[in-house]
Structure formats: structure tokens, C-alpha cells
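Note sheet for the following structure.
Since every read-out is calculated from the coordinates, none of them should be taken as a lab result. The structure displayed is predicted, hence computed values, not measured ones. Note: ideal-geometry Cβ built from the backbone for every residue, glycine included; neighbour counts use all protein chains shown.
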Amino acid sequence: MKETSLFINFMGDSPMVRIFDYLITEGGLDFSITDMAENAGIGRSTLYRIWDQLIENKIILHTRDIGKAKLFKLNTKDPRIKKLIEIYDMLILDSLRNKVQEQNLNKDIVLANDYHYIKK
């Protein structure tokens, strides 16, 4: 079973959230519809079901064509997308802080145990 990201755990597991998660993770890169679907872990037909909503709300933008393939990227200039990116970043920072605190606690426990053994 594939582990889900902090963003998906926080926002809920849906095709739209998976697309946001993938595109935010990959930064400003552009992708074909097939690449987006595969890398977000959803089917192409599922992506096509939400595609109009993504385009109409200017969540993703067409960037260029390579042969027959059209490439798209996340519209990072949209204030709504900026807020999602802030949430994404905040979740990562909180997770890192928690891991550091956990490691420091474990280190303190080890040091306390070492001190206890030395003291005997």
C-alpha cells in the first residue's frame, strides 16, 4: 500500500487533492494529462472528469505543445493556489519540527539513561 502525503492526509484523499499534491510537489514544471494522472495516482478518465473544473477555475494553465502532447502546469499566480502552497509548506515544516522534537526527546532519554548508569 502506497503511503499518502501529509497534504493528502490533511486535505482528504480525492482526485482533485491528488492533482494538487502532485503539481505542488513538482513545483513549476509542466506535464501532459497522462503524466499528471499517472503520477498523481489517478486514472486518466478520472482526471478528464475534473478537467473542465481545473481549466475553468484557472487552476492549471496550458504552457506549451510538444508534438501532439499539450502540457499544463499549476497556476501559481492564483491567490487560491498560493494559499494551498502555504498549507503544503506549513504541513511539511510542522512535520519536520515534530521529528526534530521527537529526536531531541529520544536523545534526552538516552542521555538520561546513560547518566543513570554512570551514576550507579
Checklist line | Label corresponding to Rg/Rh (Cα atoms, Kirkwood Rh) when calculated from the structure given, among [x] 1.23; [y] 1.00; [z] 1.14 | finding: [x]
Note to self: Using the Cα centre of segment 6-119 as origin and beta-carbon charges of +1 (Lys, Arg) and -1 (Asp, Glu), tell me which of 10, 62, 41 is placed farthest towards the positive end of the dipole.
What the structure shows: 62
Margin query: Pairs of alpha-carbon atoms within less than 8 angstrom and 6+ residues apart define the contacts here; what relative contact order does segment 6-119 have, in percent?
Written below: 24 percent
Next item on the list: Set the Förster radius R0 to 25 Å, insert the Cβ-Cβ distance between residue 93 and residue 57 as r into 1/(1 + (r/R0)^6), and round the FRET efficiency to 0.05.
Entry: 0.35
Margin query: Using the Cα centre of the chain as the reference point, and only Cβ charges (+1 on K/R, -1 on D/E), how large is the resulting charge dipole? Debye, rounded to the nearest 20.
Written below: 80 debye
